[in-house]
Amino acid sequence: MLTFLSRLPVTPSAAFFLLLAAVIGAAPAAAAPDDPAADGAAPALEQRLEHEGIAVEMRLEPLTPHPDGKLREGDDVRVRFAIRDTTSGTPLSSLYPAAWMDRLPVDDLLEPPKACKEKVAGFIGGTLLAQPELDLNVYYVLALNEDATITVVDPLFGFGGSKLLDLIFLKSNGEDWVLDEERQRLYVSMPDAGQVAVISLADWRVIRNVDAGPRPRRLALAGDGRYLWAASAAPGGDGGSGVVVIDADRLAPVAAIETGAGEHDLVLSADDRLAFVTNRDAGTVSVIDVRSLRKVADVATDRDPTSIAYSAMARAAYVTHRAAGTIVAVDGDGRRVVARMQVAPGVEAIRFAPGERVALAVNPETDEVYVVSAAQNRVVQTADVEDRPDQVAFTDELAYVRHQGSEIVLMIPLGDLGIAGRPVPVVDFPGGQHPPGRTDHPSLAPGIVQAPGATAVLISNPEDGLIYYYKEGMAAPMGHFKNYGRRPRAVAVVDRSLEEREPGVYETTVKLRRPGRYDLAFFLDAPQLTHCFPFEVEPDPEAQRAEAAARPLAIEPLIEQREVPVAAETVLRFRLKDPKTQTPRSDLTDLRAMVMRVPGTWHARLPASAAGDGLYEARFTPPSAGIYYVFLESFAAGLEVRDSSFVAIEAVERPAAAAAGDGSPGD
């Protein structure tokens, strides 16, 4: 089993222990004179830090702002760090910042907060005793399964492989999926349901199933996020075959555009002006004007158009034809065929490599991969591969070829592609125990994707029931993630880490889970900088009322003295009410107070007796000095320890003179 650590912003030459040493040894980051943390002023949504020639501007921006400008629990918030040189104002690009949100103690009697650099060192260390409220340096792995579910896995949990975060249930099997640019939503086509599932990535919840015509399969999302396109085909060649356009803001269809008969693939031009839709039975490609949502042309290409990809460099869409054995380039502006390349019948999926200079098309019938030059509009290389290649995926440096008949995954260096006549070099590794492309329920979605922040890929393997992690340069996968008994047909990554959106500006988006006081801990390894930005999250009144109403009991602590002497009996008092009617509950005979000393393992369960009018008392004698948490539980009332907010008290040693009763002068 592979051991995974939290994703850290390390340079290629930096090792983990060097990073940890840098944190512990880093000089304290002094706040700028106008930093709210410097003079104790209430923190704002924007704060600035200057330290040794570096300026860091922190901004927390709700995606849906409140009139009072405050942050509230449940808000989706954009976290933004702008990093510049203080002398020249030049943005500092290609850095690797890390950040965590740490919720501070709610009670003043708790142990003092750790110093910022000590706190950050604990987060980097990844121990279970130093867990932040939100880690802004992680990614999650999603698997599209054969049983109409999506598993959500945290591959970086602790030191032991993976952790199942959630299981999302769909109305029917998913076929294709696409993430939005802000990483807030996932759209999943469901052919059998005739709908597209819209999933919130903040809480892994299906927020709506949108009608998308008969049997929607391929999805495409416009670059600006405005329109989601779903290719839809009525069974038996009936009417209604084409694309459905969904408004991504209103989550409702705005257009249904008939194109031609048969199954469809679709692609958008790089500038989102045009949509290209293949019509398999009609032998055409429909060109749609995105602005007017109107079909402007049907271009006859060849028999059985199967797969399509777009090159911004060539300003053309490239279409494979399985039955005809051709690859055809279509100029959308000219609405005509500009090139026709003869290969062999059986050619299927085509995808462009980064830069869109070359495309790779697979042929499962002949076990070949064709290299198409967008500049020359011709096939310039052909590679013999393993049994039945069916998908191609890319990283920055390599192309990965998956197979239906072999467990071998082939890697092709992109730098060797596009030169006519040059042999295509391949390197291989096993993508599991069984062929990763073999399944009774194939998906259009990728089965190989790049892992964030690394020269590595994730590979879904349905028959193995696993997702493999392969790092470039290795002879075999470094490890795997469990899929918890389900067969993964496709894999995707939701990257929650800070990403450089423009020079010197690093952003991510998170959901604020709970109200309270927080530190936004910021760390930069080179140059070294550690700082904690304070901020507050207000409670959401509606959420608070709903949560209170859902609790079995309303608990009112009546503990006046939070500092008590060691070895002396203390009475712990609470008043309990019905959360809906607010009437006292005096009928509980099994109420107990659970007292825990922190840190440590000492705990005790103490009976609580009724004293009338909903008042209960438990008697507690602290055995030693320290902080104690007090919870309540009652099985008769359905109150579990985890449902009970704790009260903290501190036990202290009394001075010897005070204990003897003569520690102060008499009158």
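Multiplying the sequence separation of E499 and I207 by 0.36 nm and subtracting their Cα-Cα distance, what value in nm do you get?
102.5 nm
Amide H neighbours of R378 under 5 Å, at least 5 residues apart or on other chains, H built in the peptide plane: list them.
When sequence neighbours closer than 5 places are left aside, the close amide H contacts are S373.
Would you mind getting me the FRET efficiency between R294 and E463? Use the beta-carbon distance for r and R0 = 60 Å, nearest 0.05.
With R0 = 60 Å, the Cβ-Cβ based efficiency is 0.85.
Tell me the net charge near R315. Cut-off is 9 Å between Cβ atoms, R315 excluded, with +1 for each Lys or Arg and -1 for each Asp or Glu.
Residues near R315 contribute -2 overall.
Mind checking the full-extension length gain between Q131 and R514? Use 0.36 nm per residue of separation minus the Cα-Cα distance, one decimal, nm.
Contour length minus the Cα-Cα distance gives 136.4 nm.
Points 7 angstrom from Cα along the Cβ direction at T589 and T601: gap in nanometres?
It works out to 3.5 nm between the two label points.
Report the local net charge at G89: Lys and Arg +1, Asp and Glu -1, summed over other residues whose C-beta lies under 15 Å from its C-beta.
Once positives and negatives cancel, what remains is -2.
Only helical DSSP H runs with n ≥ 4 go in: add -39500 (n - 2.57) per run for the chain, normalise by residue count and round the 222 nm mean residue ellipticity to 500 deg cm²/dmol.
Per the formula, -1500 deg cm²/dmol.
How far, in nm, would the chain grow between D192 and R422 when pulled straight, counting 0.36 nm per residue and subtracting the alpha carbon separation?
Taking D192 through R422 to full extension adds about 78.3 nm, to one decimal.
Roughly what % of Cα-Cα distances in the chain sit above 33 Å, to the whole percent?
That fraction is 58 percent.
Once all Cα-Cα distances of the stretch 280-412 are split into 5 Å bins that start at 0, what whole-number percent is in each one?
Percent of Cα pairs in each bin: 2, 11, 21, 23, 19, 12, 7, 3, 1, 0.
Note the angle between two axes, namely the Cα long axis of helix 116-125 and the longest principal axis of the Cα atoms of the chain, as a number of degrees from 0 to 90, rounded to the nearest 10.
Its long axis makes an angle of about 50 degrees.
Cα to Cα, under 12 Å, and not fewer than 8 places away if on the same chain: which aspartates and glutamates meet these conditions relative to K577?
E556, D587, D613
Given axes a ≥ b ≥ c from the Cα gyration tensor, I'd like to know whether the stretch 139-496 is rounded (a/c under 1.5), prolate (a/b larger than b/c) or oblate.
Verdict is oblate for the stretch 139-496.
Grab the beta carbon distance between T581 and A234, set R0 = 60 Å, and tell me the FRET efficiency rounded to 0.05.
0.60
Can you tell me what share of the DSSP beta bridges in the stretch 551-652 is antiparallel? A percent to the nearest 5 is fine.
Of those bridges, close to 90 percent are antiparallel.
Since every read-out is calculated from the coordinates, none of them should be taken as a lab result. Values in this document were obtained by computation on a predicted structure and should not be read as measured data. As a convention, Cβ positions derive from the backbone with ideal geometry for all residues, glycine included, and neighbour counts pool all protein chains shown.
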